[in-house]
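For reference, the structure discussed in these notes is given below.
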Amino acid sequence: MSVSVTIKNLKKAFSAFPALQGVSLDVAEGELVALLGPSGSGKTTLLRSVAGLEFPDSGSVFFGDTDAAQLTLRERRIGFVFQHYALFRHMTVMDNIAFGLRARPRKTRPSETQIKARVLELLSLVQLDGLEARYPSQLSGGQRQRVALARALAIDPRVLLLDEPFGALDAKVRKDLRRWLRQLHDKTRHTTLFVTHDQEEAFELADRIAILNNGHIEQIGTPAEILRAPATDFVADFIDDIRPKDGGKVTRLRRAG
Amino acid sequence: MTFSLLRRRLTLGIASLAVAASVGITPALADRTLLNVSYDPTRELYKAYNELFATYWKEKTGETVTIQQSHGGSGKQARAVIDGLDADVVTLALGGDIDQIAKATKKFPEDWAKRLPHNSSPYTSTIVFLVHKGNPKGIKDWGDLVKEGVQVITPNPKTSGGARWNYLAAWAWAQKNLGGDEAKTKQYIADLFQHVPVLDTGARGSTTTFAQRGVGDVLLSWENEAFLVQQEFGADKFDIVIPSLSIRAEPPVTVVDANAKAKGNEDLAKAYLEYLYTPAAQKVIAKNFYRPSDESAADAEDLARFPKLELVSIDADFGGWAETQKKHFADGGVFDEIYKPTN
Amino acid sequence: MSDATIQFPSKTGSEIGESFAVKLVLIAIAVAFLAAVLLLPLVVVFMEGFRKGAENFFAAFSDPDTLSAVRLTLLVAAIAVPFNIVFGLAASWAIAKFNFKGKNLLLTLIDLPFSISPVISGLVFILLFSAHGWFGPWLKANNVEIIFATPGIVLATVFVTFPFVARELIPLMQSQGTTEEEAALTLGASGWYTFFYVTLPNIRWALLYGVLLCNARAMGEFGAVSVVSGHIRGLTNTMPLQIEILYNEYNFTAAFAVASLLAGLALVTLVIKSLLEWRYASELAASRRH
């Protein structure tokens, strides 16, 4: 089951360079929030801190009511999707997706039959039926990223974290995947945080957008709110490209149903 | 393969390797072992002598004794014993090296040389010339070594015991034949080393350079080593030239008391060296081209090999090792003064 | 493994502009050079070993001192190689996957045995563990033998072979980065599980190659081992030292027989490596393309 994520006054510095300077953010259960900002704004550090891949200097992250600092990586049960897929190159698609299940301690590990069934189900969900025997090197970029997503979903994550998931793909594939991801989210309703530097992507996909700059959040709001009333000059400038110049509406992927 | 299975297999593999290795390293069963740290050219001598002594010891005590040998340049071996090589006995090329051990480790008294007959030298040798068959360069005596176009092979006196004997024999000849003039003597020695193209670190290295690699016209060599080369390479390849004067080389032996005591080998080590002076051992010594101190049991044909020649001695003519070492071979001594590498 | 990454240009010589003759000459020079520098010495070693017939060749191995040298060499390799696998993995993991102060210093230190003469490596151990060395008196008091005994030889061998595994792994691990391990950890895998199922499979070829090189050097090391050995016959002589002794005792046939065995072991090592590369060629290519 998905949980809400609460980020409280998170600070993190990399040898004198402050990556996060007190970031707070609430993500509701089932919500899809985009972390948008230029490179170096701290968005990836924020995402990795939520995942437990970075250790913040101060501040805290809550999954539901639980302080994430009390949880090991395994206990956090997050689904993390990396920009460059990070698929296990020496494993087939099947083994990649099954990894999280097979890595469980024996007591909680499903049987091999159950694991196979789950993998095939996930492959079907990401529309890659029949490719389970392939190696990552035999797949296209878009296919690889969908495998990575299936792998993350396999452990039934409480939170889905996507780090520039489409950053390495070409424009056409990117657009298709974006739509597909929105549909997938509507179906699975995972609490999702995703990092992007692409304004269009954020505004099309997200329920809410957090705009980051220099390690702090400039504005949080729905796409419509931000477009209507940019909170700072930075935000106004940063979203300038996608503001409708003719007074028309921004294209939004409306939620199905 | 599951992880635990993999781990089990790994552990098993390493364990069996370790077992195989530890079984393999166990030396042949022996009641006692004795370590003799010696210098280069005694390899063959001690191989023969150790067999003789082991038989004798077995008959006398019923114990099986294994004698371990370590060979190398005399100075290098002394250094190893100082650094902790666990020698029960040392049988080195010259007293100076044993003095160094006594001084540095205090493991045996500094007057060790008095503990056995003949200054603790059960055998002696001398320095002779080994030349190519027919002596093409006509080398007869020390004076011929500094003639134009003659290449002399000798190891480095800094590291080799044999080389120091070579040097001192040359010095003694020059002093006698150049009217006792020290400056002229030094000049002769300086000239001599100008004729040396390769300075090996040990006597065996020089022998190999000359006999195997064919470098040089004359090898200044232990007498025993010269005979050995004739035996190994055939008498038709090399001739031995006896100079008019040479030096009595006295390779001494002694027990390293503290080491032998720690290993419970005091009696064995002492007996090992004393037995060297018995007629049976002296016969083996003569057979291995060393001059025996007791000729009574030696074969006549072995003795016939040793020509009579005028020999100076380290104690009578050079005032003993301590003084010689200081004057000639220590840093800043005569050798450093006269020796400049030719290239 | 670097040789396999060379991409042969698909263009033929004529398109690049070299004449056929030039190409032929270049190949001839390369082959002649290889034959003279690599092949000839190897052939000579075996020829010298068999000069007095196969009987004498094999007789060399009935000498107990020689047999003990073979055993000691295998023992030293059997200890030094696993030791270096563990340390090589740990060091390259630390360097490739973490950022920490002193990382460059560690990198330099790993290379030290490459740049330092083996004689000096040996002397360092003398300085540390000999009777008058730093730890000598303590070792003596506790009856621990290191110098002039097997432990010293193992230590010296471990030291000179240290870079072989680490040096093979570091560049590969650096280029692979940490994301696969991070992915595994976020998927709930434990550290060990991640290491055995993600890291190890990715580096196994480099690791194998490093191990083979390390083993060849461990068996062949002369300089450092010579310094700490004490040259006690039948006890502290390894094969390379025994070869020198036999040679110095005018026992050329035996010397070259043992040398042939050592060279043979090296050749077997290379054959194993080639066989593995050939057998797993497709897998290798797949892991590289990614």
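Bear in mind that the values in this text are calculations on the coordinates, not laboratory data. Quick caveat: nothing in here was measured; it's all calculated off a predicted structure. Cβ placement follows ideal geometry from the backbone for every residue including glycine, while neighbour counts extend to all protein chains displayed.
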**Asked** Of all chymotrypsin sites (Phe, Trp or Tyr not before Pro) in the stretch C:90-151, which ones are in loop regions per DSSP and have a Cβ with at most 10 other Cβ atoms within 10 Å?
**Response** C:Phe98, C:Phe100
**Complete:** Between the residues B:His118, B:Phe129, B:Phe210, the Cα farthest towards the positive end of the dipole of the stretch B:103-232, that dipole coming from +1 and -1 charges on the beta-carbon of Lys, Arg, Asp and Glu, is from B:His118
**Complete:** Under 5 Å from the placed amide H of B:Thr126, counting only residues 5+ away or on other chains, we find B:Glu223, B:Asn224, B:Ala249
**Request:** Per residue of the stretch C:33-48, in order, report the coupling 6.51 cos²θ - 1.76 cosθ + 1.60 (Karplus, θ = phi - 60°) as ³J(HN,Hα) in whole Hz, putting x for Gly and Pro.
**Result:** 5, 4, 4, 6, 8, 9, 6, 4, x, 5, 4, 4, 4, 5, 4, 5
**Fill in**
One finds the C-alpha centres of the stretch C:53-130 and the stretch A:34-86 to be spaced, in Å, by 43
**Prompt:** At q = 0.04, 0.05, 0.11 Å⁻¹, what is the log10 ratio I(q)/I(0) for the protein assembly as shown, with the Debye formula run over Cα points and no solvent?
**Reply:** -0.33, -0.48, -1.25
**Request:** Calculate for chain B the 222 nm mean residue ellipticity that helices alone would give, adding -39,500 (n - 2.57) per DSSP H run of length 4 or more and normalising by residue count, nearest 500 deg cm²/dmol.
**Result:** -13000 deg cm²/dmol
**Request:** For chain C, give the magnitude of the charge dipole about the Cα centre (Cβ charges: +1 Lys/Arg, -1 Asp/Glu; no others), in debye to the nearest 20.
**Result:** 320
**Request:** Let me know the mean shielding of B:83-92 by other chains, meaning the per-residue number of their Cβ atoms within 10 Å of its Cβ.
**Result:** 5
**Top positive-direction residue, dipole computed over the protein assembly as shown with Cβ charges, set B:Gln230, A:Pro56, B:Thr185** = A:Pro56
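Please report the relative contact order for the stretch C:2-289, taking Cα pairs under 8 Å with a sequence separation of at least 6, and give it as a percent rounded to a whole number.
30
Could you work out the Kirkwood radius for the stretch C:2-289, taking every pair of different alpha carbons, averaging 1/r and inverting it, reported in Å?
Working: mean 1/r = 0.0455 Å⁻¹.
After inverting the pairwise mean of 1/r, the radius is 22.0 Å.
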**Prompt:** Rounded, prolate or oblate: which fits the stretch B:250-343, taking a ≥ b ≥ c as square roots of the Cα gyration tensor eigenvalues, rounded meaning a/c under 1.5, else prolate when a/b beats b/c?
**Reply:** oblate
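Do you know the relative contact order of the stretch A:87-156, to the nearest whole percent, from alpha carbon pairs under 8 angstrom that are 6+ apart?
Averaging sequence separation for qualifying contacts and normalising by length gives 49 percent for the stretch A:87-156.
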**Fill in**
Rounded to the angstrom and largest first, Cα extents along the principal axes for chain B equal 83, 54, 43
**Prompt:** Which ³J(HN,Hα) values in Hz, rounded to whole numbers, follow from the phi angles of the stretch B:117-132 under the Karplus curve 6.51 cos²θ - 1.76 cosθ + 1.60, where θ = phi - 60° and Gly and Pro get x?
**Reply:** x, 6, 6, 6, 10, x, 9, 10, 8, 8, 9, 10, 9, 10, 10, 5
**Item:** C-alpha center-to-center spacing [the stretch C:166-202, the stretch B:305-343] in angstrom
**Value:** 66
**Prompt:** Which whole-Hz ³J(HN,Hα) couplings does the stretch C:208-217 yield from phi under the Karplus relation 6.51 cos²θ - 1.76 cosθ + 1.60, θ = phi - 60°, glycine and proline marked x?
**Reply:** 4, 4, x, 5, 5, 5, 4, 5, 4, 6
**Message:** Pairs of alpha-carbon atoms within less than 8 angstrom and 6+ residues apart define the contacts here; what relative contact order does the stretch B:36-116 have, in percent?
**Reply:** 36
**Item:** Cα gyration tensor shape for the stretch A:87-156, rounded if a/c is under 1.5, else prolate or oblate
**Value:** prolate
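Across the residues of C:191-198, average count of Cβ atoms on other protein chains within 10 Å?
4
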**Nearby aspartates and glutamates by direct alpha-carbon distance to A:Lys172 (threshold 18 angstrom, same-chain neighbours under 8 apart not counted)** = A:Glu164, A:Asp198, A:Glu200, A:Glu201, A:Glu204
**Message:** List the residue ranges in chain B for DSSP H helices whose C-alpha atoms run 27 angstrom or more along the long axis and whose Kyte-Doolittle average is 0.5 or above.
**Reply:** B:3-25
**Complete:** P(r) over all Cα-Cα pairs of chain A, 10 Å bins from 0 to the longest distance, whole percent per bin, short to long, reads 7, 30, 35, 21, 6, 1, 0
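Explain nothing, just the number: dipole magnitude of the stretch A:87-156 about its Cα centre with +1 on each Lys and Arg Cβ and -1 on each Asp and Glu Cβ, in debye rounded to the nearest 20.
That gives a dipole near 320 debye.
Given charges of +1 on the Cβ of Lys and Arg and -1 on the Cβ of Asp and Glu, with all other atoms neutral, how large is the dipole of chain B about its Cα centre, in debye to the nearest 20?
With Lys and Arg at +1 and Asp and Glu at -1, about 1140 debye.
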